[in-house]
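Read the structure below first, then the notes.
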Amino acid sequence: MLLRPVVAEDADGLFPLVYQTGVADTLLWDGPASLNEYRLGLAGRESRAWRGETHLFTMIADGQPIGAIDIRPENDSRADIGLWIGKPFHGKGYGSQAVRWIVSYGFEYLGLEKIEAEIFVGNWGSRRIFEKNGFLLEGTRRKSVRKYGQVLDEWLMGLTREDWAAREAGMEMIVHLCPREDWEAAQASGAYRAKSLDEMGFIHFSRPGQVRRVANNFYRGVPGLVLLWVDVSQLNAELRYEASKYEADSGESFPHLYGALNLGAVAAVSVWAIG
C-alpha cells in the first residue's frame with residue numbers, strides 16, 4: 001500500500017466507497033452529498049496540501065484508491081488523526097499500516113509531541129487499529145458529538161512522542177527529496193533513478209531527522225518538491241550508511257542506495273512545504 005497526497009481525481013475512486021455505504025456512520029463527517037461536491041472539496045484540499053496547510057493522504061492499494069487518512073494539528077504540539085477505508089478493504093491491515101506511517105509523519109515532519117484519535121464508543125475495529133500502533137485509551141468523553149440526531153460518546157486515544165520513539169526504535173525509515181515530476185516519471189517507468197545514480201553510483205537519502213538540513217542546504221526556495229518515505233526492509237538495491245562529502249565535518253553518516261529505488265519500498269509520499 002502507498003499513501004500519497006490527495007488529488008481531485010481521487011474522488012472518482014473514493015466516492016463509491018463512501019457514498020451511502022455505511023462507512024460514514026462511524027465518522028463525524030457525514031460523507032459527500034454528490035460526486036461533484038466531493039471532487040470540488042478534494043480539489044481545495046489538494047491546493048491547500050501544496051501550501052502546507054493540510055495533511056490529507058489517499059490510500060492506494062493495487063493501483064486504486066481505497067480510503068483516506070489525515071492528521072490535523074490543533075497547535076504546534078498536538079494533532080488528531082482521521083481515517084476511513086472502503087468496506088471491501090476492511091480487515092486487510094491497511095488501516096494499521098496507514099496509521100503507523102502518519103504517526104511517523106506527525107512526529108518526524110510536523111514535530112508534534114502528542115497525537116490523538118477520537119473514536120465513537122463501540123467502534124472496536126477502529127480502536128484496535130490505534131491500539132496496534134501504541135495508542136492508549138485515555139478516557140471516554142460522554143455526550144461528546146451529535147451524529148444523525150443522536151448524541152454519542154467518544155473514546156479518546158493518545159500516543160506521546162516518547163512512547164512512539166520507544167515502540168518504533170527498531171523501525172528503519174529513510175527519506176528522499178525530489179521534484180514531483182521526477183516521482184511521477186518513476187511511477188510510469190517502474191523505478192526511481194536520481195541523477196546521482198549515474199553520476200556517483202548511488203542515490204542520496206537521509207534519515208528523517210537529517211532531511212531539514214539537507215533541504216536548507218540544497219533545496220531552499222525550490223517549489224514542487226515531494227518527500228519519499230522508504231521502508232528499508234523492502235529495498236532491493238544495496239543500502240550503505242556513509243559519510244557525505246558535503247558534510248564531512250559533521251561526523252554523521254547518510255544512507256546511500258547503490259541502485260534504483262524499487263517503488264514497492266516507498267511507503268508514502270508527502271508534500272515538502274518547509275522553507
In whole percent, what relative contact order does the chain give with Cα contacts below 8 Å and a gap of six or more residues? 17 percent
How much length, in nm to one decimal, is gained on full extension between R212 and S96, taken as 0.36 nm per residue of separation minus their Cα-Cα distance? 39.0 nm
Which of the three applies to the chain, rounded, prolate or oblate, going by the alpha-carbon gyration tensor with a ≥ b ≥ c and a/c under 1.5 meaning rounded? prolate
Suppose each label sits 7 Å from its Cα in the direction of the beta carbon; what would the R180-V7 distance come out to in nanometres? 0.9 nm
Taking the Cβ-Cβ separation of A191 and D163 as r and a Förster radius of 35 Å, what is the calculated FRET efficiency to the nearest 0.05? 0.45
Using a/c under 1.5 as the rounded threshold, could you call the range 6-109 rounded, prolate or oblate? The axes a ≥ b ≥ c are square roots of the C-alpha gyration tensor eigenvalues, and prolate needs a/b larger than b/c, oblate otherwise. oblate
What does the highest-first list of 129-136, 160-167, 184-191 look like by mean Cβ count within 10 Å? 129-136, 160-167, 184-191
Using the Karplus equation 6.51 cos²θ - 1.76 cosθ + 1.60 (θ = phi - 60°), what ³J(HN,Hα) coupling, rounded to whole Hz, does each residue of the range 15-23 give in order, writing x for Gly and Pro? 4, x, 7, 10, 7, 6, 10, x, 4
Can you list the lysines whose alpha carbon sits under 20 Å from that of K195, skipping same-chain ones fewer than 8 residues off? K245
Once you list every other residue whose beta carbon is under 12 Å from the beta carbon of Q97, what net charge do they have if Lys and Arg are +1 and Asp and Glu are -1? +2
Anchor K132: lysines whose Cα lies under 21 Å away (excluding residues fewer than 8 positions away in-chain): K87, K92, K114
I need the trypsin sites (Lys or Arg not before Pro) found in the range 187-275, filtered to DSSP loop residues with at most 11 other beta carbons within 10 Å of theirs. R220
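Coordinate-derived values only; no laboratory data. Quick caveat, the model's predicted, so the values are computed rather than measured. Cβ: placed from backbone, ideal geometry, glycine included. Neighbour counts: every protein chain shown.
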